[in-house]
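Working notes for the structure below.
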Amino acid sequence: MLKWLGTTMVVGAVMCLGVSANAQSCRLLRVVEGKGAYSVQKKVSAASTPVSPSNWNTDFAVPGGQRYSSYAATIRAKNKGNYSIQMNLKYANGTSDKVYDSKVSLKDNEAVNLSGSPRLNTEPYQVNVVVGGIPVTGNSYTVSASGCR
């Protein structure tokens, strides 16, 4: 049952991205501090202050020794609103590349798919997805990320 569920999730992620399974093979990435989860549901907190950080960041671990030609993330909004969304690839040398940065207007239960490519000859160790915005404080969404070959 678990093998079927994992396969279904990967196929679903590939289909959500609009890429045929033959053209590209994607693998879901685990949420950092997610106890083995491949996705997380969150409610947008208030913006960060010096005293209280926001919960807008979600990190996904890239398995060591894996080479992917691109990385993808899917955000499905439970509530409509104008979301500020970013995707960053984080590297072991302390640097990162912002591969997506946009304000996106989503309807209830609508999804947006993001993608970005890593630097040549360097693989990121994490994919960071930022979802937030003051107008959507209190809204809920689900996020997942994949590495694609």
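We did not get these values from a lab; they are worked out from the coordinates using the rules stated. This structure is a prediction, so every number in the text was calculated from the model and none was measured. Ideal geometry is used to build each Cβ from the backbone, glycine not excepted, and the neighbour counts take in all protein chains shown.
Miscellaneous remarks
- Residues in region 83-93 carry Karplus couplings, in order, of 9, 8, 10, 9, 10, 10, 9, 9, 10, 4, 7 Hz; the curve used is 6.51 cos²θ - 1.76 cosθ + 1.60 with θ = phi - 60°, and Gly or Pro positions show x.
- The relative contact order of region 2-148, computed from alpha carbon pairs under 8 Å that lie at least 6 residues apart in sequence, is 34 percent.
- Packing-based exposure ordering (other Cβ within 10 Å, fewest first) of 84, 146, 117: 117, 84, 146
- For region 2-148, the number of Lys pairs separated by eight or more positions or lying on different chains, with C-alpha atoms closer than 22 Å, is 19.
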